[in-house]
Amino acid sequence: MILSVKNRSALLDENFRLVETDTTKDFFTYFDYLCENILDFVHPDEKERFIDLVTGKHDKSDNRSDIFHLLRNTNEYRYNFVTVRNVRKPYLARIRLFDIYDAIEFTRTAVDENNKIHTALGLTNDYLFSYQKTQDLFTLAYYSQGKEIVLYKMHLDDWKKLLINENLVSKKSLDNLNVFCNDIAKNPNSVMTKMEGSFRTSGAVNEKLRLIGSRYEGLDDTCMIGRILSDEDMAKLHGSHALIEELQLDSLSQVYNKKTITTYVQQKIKAGLQEPFALVIIDLDHFKPINDRFGHLAGDKVITRTAQKIKEVVGEDGVVGRFGGDEFMLVLENVANVSILRGALRAIMVQVKKEFEGNFDDIVLSCSVGAAVYPANGTTYDELFKKADFCLYRAKDKGRDRYVFYRDDLHAQAYAERLKENGEGKAAEGREVQELKHMADYMQNLHKNPRDAVMKILKHMIGLYSVDCIAIYAGPEMNCVIRVGEDRPELKTADYALTEDFKKALDADGLVLYNFTSEIPENNSFGDALRAREIFSSVHCVIGSKDDFTGVLAFHKVRTPARFADYEVNCARILASSLTLIDLKDLA
């Protein structure tokens, strides 16, 4: 068990409002996901004293502290030790909170755990290592009959030099030794390194060793602690679930792979525990343009940094896995109420977006999040996954960069309709895979009965993509030949597609995308035509080539502005390309 004191910190602006991107998950979950101004949660009798502390009215020192009653999400006032640190303007200060009751429990538990660890290690003769960052102190010890036997206790670099100079590490393991020392000095969430050497036996016996460690958050210091296991130790512990999971990591992101995270959820449900947990699916927004513009190496770095940021935010309150591509799946523990769940999802979304601010020119990398809670939303893996995936659809449809968690009162009807459309017996699949299957069915029927095939795929798309109108225009005046959705007179023609302004707006593949009204150009015949039709967002794909097209496929959102998901745009491209195979007159 790795113990920690919760990291509850927030950056405040001059009006005592939280700066969302610099506020930790544990801060949000301690209070309420709606927490915007910290003064709303300070006991009324102590508010003036709290303001004086934060503003430094009576104490201008860089670090100040006092004790206050703060209202947490359980609707009770709790004693908190509040520390304040000055920051540069335009911000007011950074505050950090320690719930005194939690601190007492932490101390008691730490003492109990310390006694248990000493007893257990005395029985198993385990070797432990630790690295205290502040002191740059590396310690390696083992326990015998309840006593600690220290083999090494020195600065990390000195320990590494000693192993090299005394030939206590094989030459082929020198690179791994360097990696291990560099890694633990950075204090990551976890480390795992293989080495061959005799540093456990002071040169007597050469062993194949595995060093496995995790970060420990203390009150005054942060350190890495871990175990050193030989192949023999590993064989004895082969049945250990934790160690087996350590070996099943995704090679790129270094979080659990799809098989491991899926099995973990299934086993968790099978165990029959009643503590609620959330199954969460995260999908990166605008990842494909980054891959296309900056290359796959940049894309790989985005995946790696996203995984590490999610692990950092989730901490010990969950398990993180990569489900494939730019999609991640998490298990969030300790979600006893909606406020805690909202706070956790909000923190993940905000911190992932912050991680990439300004990295990719005009591309804003964010994430969309869907979640379902066990056992309230389902008692099987398939049911939880489908509902979380459904919520991810909703987050994408609402414009991305947001989270949605399943609620019966809001989602039951729409979810039932989706199940009916997709078939109850279908296994859970990614959205892109499902859409490609629909496109495959459509292509098979296109030559048999073009109008029926096109109408069927348009009806599917309009329901799934939450657009108001999908229309195909053709002929010398670009009149509508087939349409689903809105049936207003002004949408029956796309004569603006014959203008030079429309042609200039097309990209190299013959597509133009407008996600918001503000993007639609002013003093432009194409833009004026869209505004006259009250079109807030649209996708236009030419049927044919950019310089020689016979028709236009148009997706319109006319009620509210919204973003189109990447896979929606890609499916629009595929549909437009397929329409070159038929005579558009056959659709009328």
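For the range 269-292, check the following and say yes or no: at least one residue is farther than 20 Å from C391 by Cα, surrounded by fewer than 21 Cβ atoms within 10 Å (Cβ to Cβ) and basic (K, R).
Within the range 269-292, one or more residues are farther than 20 Å from C391 by Cα, surrounded by fewer than 21 Cβ atoms within 10 Å (Cβ to Cβ) and basic (K, R).
Taking the range 206-253 as the region of interest, how many residues are assigned by TED's automatic domain parsing to the domain that holds F138, at pLDDT 80 or above and outside any strand (DSSP E or B)? So the count comes out to 1. Filtering L11, L18 for residues that are free of Cβ contacts under 8 Å to residues at least 24 places away in the same chain and surrounded by 15 or more Cβ atoms within 10 Å (Cβ to Cβ) leaves a single hit, L18.
Can you tell me which residue is farthest from R94 (Cα to Cα) among those in the range 26-80 that are assigned to a strand (DSSP E or B) and of a type in the set (F, W, Y)? That would be Y77. Checked across the range 409-420, the condition of being small (G, A, S) and closer than 16 Å to I281 by Cβ holds for no residue.
Looking for something in a loop (DSSP other than H, G, I, E, B) and modelled with pLDDT under 75 - is there at least one such residue anywhere in the range 438-460? It would help to see each step written out before you state the result.
First pass over the range 438-460, keeping only residues in a loop (DSSP other than H, G, I, E, B): 447-449.
From what's left, modelled with pLDDT under 75: none.
No, there is no match, as no residue in the range 438-460 is in a loop (DSSP other than H, G, I, E, B) and modelled with pLDDT under 75.
Across the range 536-573, the number of residues qualifying as out of contact with any Asp or Glu (no Cβ under 9 Å at 6 or more places or on another chain), in a helix (DSSP H, G or I) and either buried (at least 21 other Cβ atoms within 10 Å of the Cβ) or modelled with pLDDT of 85 or more (or both) comes to 1.
For every residue, the table says whether it meets (1) farther than 22 Å from F405 by Cβ; (2) touching a residue at least 60 places away in the same chain (Cβ under 8 Å); (3) acidic (D, E); (4) assigned by TED's automatic domain parsing to the domain that holds N334.
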| site | (1), (2), (3), (4) |
| --- | --- |
| G272 | yes, no, no, yes |
| I290 | yes, yes, no, yes |
| R293 | yes, yes, no, yes |
| G315 | no, yes, no, yes |
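The set of residues in the range 150-168 that are more than 41 Å from the chain's Cα centre (by Cα) and assigned to a helix (DSSP H, G or I) comprises L162, N165.
Looking at the structure I just gave you, is K456 in contact (Cβ under 8 Å) with a residue 24 or more places away in the chain, closer than 18 Å to I574 by Cβ, assigned by TED's automatic domain parsing to the domain that holds A572 and not aliphatic (A, V, I, L, M)? Show your work before the answer.
Working: in contact (Cβ under 8 Å) with a residue 24 or more places away in the chain: no; closer than 18 Å to I574 by Cβ: yes; assigned by TED's automatic domain parsing to the domain that holds A572: yes; not aliphatic (A, V, I, L, M): yes.
No, not satisfied.
Residue count for the range 480-508 satisfying the condition of being closer than 17 Å to S525 by Cβ and β-branched (V, I, T): 2.
Here is a yes/no grid of residues against (1) aromatic (F, W, Y); (2) in contact with a Pro (Cβ under 8 Å, 6 or more places away or on another chain); (3) within 16 Å of Y403 (Cβ to Cβ); (4) part of a loop (DSSP other than H, G, I, E, B):
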{"residue": "F328", "(1), (2), (3), (4)": "yes, no, yes, no"}
{"residue": "S339", "(1), (2), (3), (4)": "no, no, yes, no"}
{"residue": "L345", "(1), (2), (3), (4)": "no, no, yes, no"}
{"residue": "V350", "(1), (2), (3), (4)": "no, no, yes, no"}
{"residue": "K353", "(1), (2), (3), (4)": "no, no, yes, no"}
{"residue": "V364", "(1), (2), (3), (4)": "no, no, no, yes"}
{"residue": "S368", "(1), (2), (3), (4)": "no, no, yes, no"}
{"residue": "A376", "(1), (2), (3), (4)": "no, yes, no, yes"}
{"residue": "K387", "(1), (2), (3), (4)": "no, no, yes, no"}
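Any residue at all in the range 107-123 that's at pLDDT 85 or above and either assigned by TED's automatic domain parsing to the domain that holds R305 or surrounded by 15 or more Cβ atoms within 10 Å (Cβ to Cβ) (or both)? Reasoning before the result, please.
If we filter the range 107-123 for residues that are at pLDDT 85 or above, which is where we start, we get none.
No, the range 107-123 contains no residue that is at pLDDT 85 or above and either assigned by TED's automatic domain parsing to the domain that holds R305 or surrounded by 15 or more Cβ atoms within 10 Å (Cβ to Cβ) (or both).
Answer yes or no: is there a residue in the range 498-514 that is modelled with pLDDT of 90 or more, out of contact with any strand residue (DSSP E or B) (no Cβ under 8 Å at 6 or more places or on another chain) and polar (S, T, N, Q). Yes, the conditions are met somewhere in the range 498-514. For the range 504-535, the set of residues classified as of a type outside the set (A, V, I, L, M, F, W, C) and either at positive phi or crowded, with 17+ Cβ neighbours inside 10 Å (or both) consists of G510, Y514, N515, N523, N524, G527, R533, E534, listed by residue number.
Taking the range 478-494 as the range and being touching an Asp or Glu at 6+ places or on another chain (Cβ under 6 Å) and either at pLDDT below 90 or more than 20 Å from L458 (Cβ to Cβ) (or both) as the test, the residues that pass are G485, E486. Note on the range 35-53: residues that are of a type in the set (A, V, I, L, M), surrounded by fewer than 19 Cβ atoms within 10 Å (Cβ to Cβ) and touching a residue at least 24 places away in the same chain (Cβ under 8 Å) total 1.
Restricting the range 271-293 to residues that are at pLDDT 85 or above and part of a helix (DSSP H, G or I) leaves a set whose member that is farthest from I340 (Cα to Cα) is I290. Return the residues of the range 489-530 that are more than 20 Å from G551 (Cα to Cα) and over 36 Å from the mean Cα position of the chain (by Cα); say none if nothing qualifies. Across the range 489-530, the qualifying residues are E522, N523, N524, D528. For the residues F98, F41, F27, the requirement of being of a type in the set (F, W, Y) and modelled with pLDDT under 85 singles out F98.
The values are calculated or read from the model by the stated rules, or taken from the named source; none is laboratory data. Fair warning: this is a prediction, and the values are worked out from it, not measured in the lab. Positions of Cβ are generated from backbone atoms using ideal geometry, with glycine treated the same way; all protein chains shown enter the neighbour counts.
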